1. What ranking do 157, 68, 419 get, fewest neighbouring Cβ atoms within 10 angstrom at the top?
2. Over the chain, what is the relative contact order in whole percent, taking alpha-carbon pairs under 8 Å and six or more residues apart?
3. Modelling each spin label as a point 7 Å along the Cα-to-Cβ direction, I'd like the residue 68/residue 102 distance in nm, to one decimal.
4. How high is the FRET efficiency between residue 501 and residue 279 when r is their beta carbon distance and R₀ equals 41 Å, given to the nearest 0.05?
5. Could you compute how fast region 396-463 diffuses translationally, taking Rh as the Kirkwood radius over C-alpha pairs and applying Stokes-Einstein at 4 °C with viscosity 1.567 mPa s? Give it in µm² per second.
6. If you wrap a convex hull around the Cα atoms of region 304-344, how much volume per residue is inside, in Å³?
7. Could you please state, rounded to a whole Å, how far the C-alpha centre of region 112-141 is from the C-alpha centre of region 280-320?
8. If every alpha-carbon in the chain counts as one equal scatterer, what log10 I(q)/I(0) does Debye give at q = 0.09, 0.10 1/Å?
Ligand SMILES: [Zn+2]
């Protein structure tokens, strides 16, 4: 018995060490104080486990208590991080070509933009007309190009995002066995794993910011960790883009994303889910009204309508009473129609559009603002699907890959139908499923598959996406009074979009981040 307890302690010590090592890995920055606390705590656990008597901590219970306190303190220090210096001073960028985005062609060839100490644009115009002397710092950017910061309307910071969008997708990795999956789901709801997930989100948020994304809308996160992250970034404790948070998606029993979703069955539960989200101070409501690729079990399941029309309607009505936008994961023509008729404000992914769908996008009486917009997320399947990737012994893996191929054609067709029908289209990449730092690639796919000009694609990633997610008063163009969110690029992005891959400077709410940091 005594032996079993001893080995129990040893196992616990190992598990703790493993969890902290993982935490340190995702946290990137390791605080020296956390290391001291951690080593101290672990030393005590070790002493306890291997029955070493410590002179000052003679009682074993005291020893264990001190060890646990130290370890908990270490975890807190790791999670809290250092307050990041984001003090703003007024700054002027002088001499660049400003692509201001009021319209596709708005251009100031030799312009100056001044951002005030409040982080908002104080002046913008030709350098000859703007007095930049009032700014406490002046940056010479002659020969360079300035555009508004990019907006990613469809992001999952909680996911690793390993694959580049040009690479083919292989969803067989998602097909884990039922037992393992359910253990994983349970772990997601534990304190330790949530702390880990938050650290991962913080790392990914930083990555996205440095890649030029100054607004990242979260459309599906475990718990309300995106709200936590939004507030941490807002308080200056973390570096990252402006976050719009949806919290967990709303799904039905067995529906797409149910692993992390708030589950509803029936209109009453639907209203309750929206009220819970509103209480947690979300910015947007996300529903998954049809099946999706990543958890489909048979061919054809992705895109199948799941949520009943009266459930979607209840969610939309309740959200709109609170002024919240509703965005819906939809991957079939029928699903798009159901969601549009219920009055959702955005469609994520999409599929081939009927004339009725196009009409409802343009004029949707039940939507919050009278129209609905589309985020086709072409990036998620842009590279196609790995041939014969699926493990022949796993029917789920085979189904996912087959579904991915079907959905890919739908995304592209839906995007083309939307362009032809004059539907508002915005940029969302489903990053997390793909890399977090390749948001600009979506613009390239807009050009490739829709035939729009590069200038138009830039306009879509800024002006149009801001309007789509409802923050056009704040961001999307370079205009006086708007947030100081902009990118300094070394060459004209209208000639080559890949210049977005390495922005020279990223300015987010007036704080300047150099790409080399
Ligand atoms: Zn997604």
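Read-outs: derived from the displayed coordinates by stated rules, not from any lab. Keep in mind it's a predicted model, so treat the numbers as computed, not measured. Note: ideal-geometry Cβ built from the backbone for every residue, glycine included; neighbour counts use all protein chains shown.
1. Going from sparsest to densest Cβ surroundings: 68, 419, 157.
2. Numbers: 1211 pairs, mean separation 90.2, N = 517.
Over the chain, the number comes to 17 percent.
3. 6.4 nm
4. Working: r = 40 Å, r/R0 = 0.98.
E(calc), rounded to 0.05, equals 0.55.
5. Values: Rh = 13.1 Å.
Roughly 99 µm²/s, to the nearest whole number.
6. Working: hull volume 2.1 nm³, N = 41.
Roughly 51 Å³ of hull volume per residue.
7. For region 112-141 versus region 280-320, the Cα centre distance is 45 Å.
8. With one equal scatterer per Cα and no solvent, log10 I(q)/I(0) is -0.68, -0.82.
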